[in-house]
Number of protein chains: 2
Amino acid sequence: MGKLTEEFLKKWEELGYYRRACTLLSWDMYTATPRGGHPGMADAMTFFGTKAFELSTSDAFYHLLKELKDSGEYDALSEGMRFTVRTMLRDLEKDRRIPKEFYRDYLALQSKSMRSWEEAKRSSDYSLFGPDLDGLIRMTKEKCGFTDPGKEPYNVLIDLYEEGMDTDTIDRVFAQLKEGLLPMLEQILAKPQPKSRIYEGTYDPDAQKKVQQLLLEYIGFSFENGTVGVSEHPFTTSFSPRDVRVTNHYYEHDPISSMFSAIHEGGHAIFDQNVDPALADTAAQECPYMGLHESQSRFFENILGRRKSFWVPVYPKIQELLPDLQDISLDEFVQEINHVQCTPIRTQADEVTYCLHIILRYEMEQEIFRGGAKVEDLPRLWNEKTKQYLHFVPENDAQGILQDMHWSDASFGYFPSYLLGSIYDGMFLDAMRADLGDIDSLLENGQIAVVRGWLNEKIHRFGALRLPGEVIKEVCGRPLDAEPLLRYFREKYL
Amino acid sequence: MGKLTEEFLKKWEELGYYRRACTLLSWDMYTATPRGGHPGMADAMTFFGTKAFELSTSDAFYHLLKELKDSGEYDALSEGMRFTVRTMLRDLEKDRRIPKEFYRDYLALQSKSMRSWEEAKRSSDYSLFGPDLDGLIRMTKEKCGFTDPGKEPYNVLIDLYEEGMDTDTIDRVFAQLKEGLLPMLEQILAKPQPKSRIYEGTYDPDAQKKVQQLLLEYIGFSFENGTVGVSEHPFTTSFSPRDVRVTNHYYEHDPISSMFSAIHEGGHAIFDQNVDPALADTAAQECPYMGLHESQSRFFENILGRRKSFWVPVYPKIQELLPDLQDISLDEFVQEINHVQCTPIRTQADEVTYCLHIILRYEMEQEIFRGGAKVEDLPRLWNEKTKQYLHFVPENDAQGILQDMHWSDASFGYFPSYLLGSIYDGMFLDAMRADLGDIDSLLENGQIAVVRGWLNEKIHRFGALRLPGEVIKEVCGRPLDAEPLLRYFREKYL
């Protein structure tokens, strides 16, 4: 091993331990830390986060990366390590252009605005958040100017969350989707609506936990390389392909929420667990492209999890665990989990209206970053668009523009990833059918492992190595297109 | 704040973060890490452990401590920080006399012998562990020679776990106890034995978890400053008085194990949670004297938890949670949890024979460190003593000399702490009765908070500030004596 490589691996390992400490502290704070222990854990997170930041942004580390990249040693590195050196260097080159004082102020404003957003949402008073949002938008544009001078800010932001994606492509597929979806929604809503008795039952949280265990095992989550926890909001976190964790939350009168969270987070986790072991402990061990990652959680949750065939092998077992489901037939259950309705909260939306929730947010971000909309006009704009796409006006801003936390920490450009995930899913489903034939008969016969194996083989094992555009090209052999998703909706709902 | 103080506090804080990372990694490995994730967590623990070791044993830190201790700034420190500086300096002065290579070899032998002990226990083959045990004994004596030259090694070891305690005192009270206990055990065993139907039932682990919750709340564990987890063996771990965690393990056909583990670990936790908040983040925030700590867990578990009056306010609620207890009366239950019998495993022993299990181990350690017994003769000696005190010969070494892990990592001198804890408890009970009157009527009336408040006030709040001997003197006003414990046993069992 060359001297530069050795030096780099030592630093990379050290950085890995600081990051692992931060991930573990965060996991623990959400799943285990008692209230009184939070300040102690938060201080430790700041300490290790600072350690990681100092190491990774130091001149010494930057010059080491540069030297290694330009040396003969680079080619002798593993594929995962080459990816690590290459992407770290690229990101550092951008980030080093951000003035230190600017960055410090930007982080400070983010902390401030996360608190003001919480307060604004709690009291449904947008004016408490507006001024900070205004600052965040201004500083985010400025930051894009530092990292990617000459590039359009909103495109810089999109690229952060879905590398290689741009607004031209998103404009095209979102417009295509919107045009198809709006009339389709009218038709769906005109049909008779199912009336479910599910929410009249009582479902023991411990039993729901057993259902989660059953569903995770069913879809192929590895408990050898994964575990589960309980938190306020479900999430997935990974230390390596050998240690991937999902959380859930159980509501006594809603068994569906925890079931679909289990499947959704399980989909994220199955991606992380099935990355090629050769990429472990490199920056390629986890897919950082949010749309692609979301496509996998949503494939399990929606494309598979909302089909009747998915439930055929497991529903009777679930009925045993949750007695109040025993007089709800599989057909009634499947009707309920595919109940399309216009509701205010994105995270609780069905798979059809969910798309419109995202299109709305994407259009809002366009207004902000390209149209120059004023911060004080945003709630009105939000409500107009809600009226237009979902046929109601939010009761208040807490149920409208303040519902998501994404803007409060300047995650502008993140929202489109969710919908890109669904659009990819439409295309993946076509490609999967071409390879495996009828998905429903596979599922009905308990052969979900075949479906999962296809996703592992085509998508998961590459981790971060393939960009979303490359995956689409390799797997589907055609450019990005919303038509397969529209067709999937049409066939299912009309 | 003086310059030395500032410099010290910065280092102390950094050390605290490394130690916190180690504690959290360990907690996570026992309660959450999936099997595949263990190597990654273990490597991180080595990294942060090394960081802590390097910092705390560095010349710079030693000289800083020395300078601070001798400066005018020392007196301006808080009581907890003075304790921190004083004890760290004392320990460093001892530990710095251990040659680095020796220490490295000692740690390496400990890792090796922990594995060989596991293997030996699994296959019940003492010969797999004997040679490593021999090396550990030799090196431990040598280590004592480095840290405390001229002092008798076994006294050095005892002092590690119960500061201020020595073999003269232990010899005296253990002899007193043995003399009283051996004939008492004959008398107890001659009485008719209870026959319990408890172990014929089935007890849902989720319901046992609810029982644990109920018991912890009942005895006064704070969920604001504490949480619970599940692990193979129950334990307590503390980050600070604001974050104290207990674990448990649930056996489907034994509800008593998890109930008493909850009370025992809850007792440890209540100690840690009730240390004076002014001592938080100092070395005095947790009591490092094992006998004194164990006295608190055992006070809750035995002195309180094995009285009928303790169960009067909670047993009906527990019967609701565990239906198979419903036709077991409170009297039958209390008989079962006070069933004295000679059984092979220390950790499963009743409160009376437990004392003999410890006396046996103490005498074994005396033979090893003072009598020069040969390692190959230890199993024979162990079995002879078991026969003599408990009237049976262990079936094999796994049920005999190999049952405890303590010797495998060289924790010689730890065992006596357990029994010292019980002896303290006899004395604490006398002192408590003198202050509070009849304990049973307090418990029966649901006033366990009064009992806990007394322990908080007399013992817990001082954390590490008072040595066990000082606590005994302050609380009981008399020297250490086993008679109160013997009297407690006599009154209860004869």
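The values are calculated or read from the model by the stated rules, or taken from the named source; none is laboratory data. Worth saying up front: this structure is predicted, and the values here are computed from it rather than measured. As a convention, Cβ positions derive from the backbone with ideal geometry for all residues, glycine included, and neighbour counts pool all protein chains shown. For the accessible areas, the whole protein counts, side chains as well, though only heavy atoms, and no ligand, DNA or RNA atoms are used. Shrake-Rupley method; radii C 1.70, N 1.55, O 1.52, S 1.80 Å.
Relative to the Cα centre, the charge distribution of chain A, modelled as +1 at Lys and Arg Cβ and -1 at Asp and Glu Cβ, gives a dipole magnitude of about 400 debye.
Binning the alpha carbon pair distances of chain A at 10 angstrom intervals from zero yields the distribution 4, 17, 28, 29, 16, 5, 1, 0, expressed in whole percent. Report, in whole Å, the centroid distance computed from the Cα atoms of the range A:126-153 and the range A:253-327. The range A:126-153 and the range A:253-327 have Cα centres separated by 35 Å. Taking every DSSP bridge with both residues inside chain A, close to 50 percent are antiparallel. With a 10 Å cut-off around each Cβ of A:28-35, the average count of Cβ atoms from other chains is 6. Protein heavy-atom accessible surface, 1.4 Å probe, per residue over the protein assembly as shown: 42 Å².
Within straight-line reach of residue B:210, meaning a Cα separation under 20 Å, sit the following lysines at least 8 residues removed in sequence or on another chain: A:209, A:210, B:317. Mean separation of Cα pairs under 8 Å and 6 or more residues apart, divided by the residue count, gives the range A:3-150 a relative contact order of 21 percent.
Counted over the protein assembly as shown, the DSSP beta bridges are approximately 50% antiparallel. Applying a DSSP loop filter and a limit of 16 other Cβ atoms within 10 Å to the trypsin sites (Lys or Arg not before Pro) in the range A:120-191 leaves A:151. Inter-copy label distances at residue A:104, shortest first and taken from points set 7 Å along Cα to Cβ: 4.1 nm.
Available extension along the chain between residue B:204 and residue B:90 is 36.0 nm, counting 0.36 nm per residue and deducting the alpha carbon span. Peptide B:200-213 has a mean shielding of 1, counted as Cβ atoms of other protein chains within 10 Å of each residue's Cβ.
Over all pairs of different C-alpha atoms in the range B:3-150, the reciprocal of the mean inverse distance, the Kirkwood hydrodynamic radius, equals 18.0 Å. The range A:1-84 has equivalent-ellipsoid semi-axes of 33, 13, 8 Å, by the square roots of 5 times the alpha carbon gyration tensor eigenvalues, sorted largest first. Kirkwood radius, the protein assembly as shown, all distinct C-alpha pairs, inverse of mean reciprocal distance: 32.2 Å. Comparing the range B:59-141 with the 2.2 N^0.38 Å rule of thumb, its C-alpha radius of gyration ratio is 1.65 (two decimals).
Distances, shortest first, from the label point of residue B:251 to those at the same position in the other copies read 4.1 nm; the point lies 7 Å along Cα to C-beta. Using alpha carbon centroids, what distance separates the range B:447-494 and the range B:43-119, in Å? First find each Cα centre; the distance between them is then 32 Å.
Between the residues B:436, B:237, B:282, the greatest Cα displacement towards the positive end of the dipole of chain B, with unit charges on the Cβ of Lys, Arg, Asp and Glu, is found for B:282.
A point 7 Å from Cα along Cα→Cβ stands in for residue A:13, and the other copies hold the same point at 3.0 nm, listed in rising order. Out of every Cα-Cα pair that the range B:232-285 contains, those further apart than 14 angstrom amount to 53 percent.
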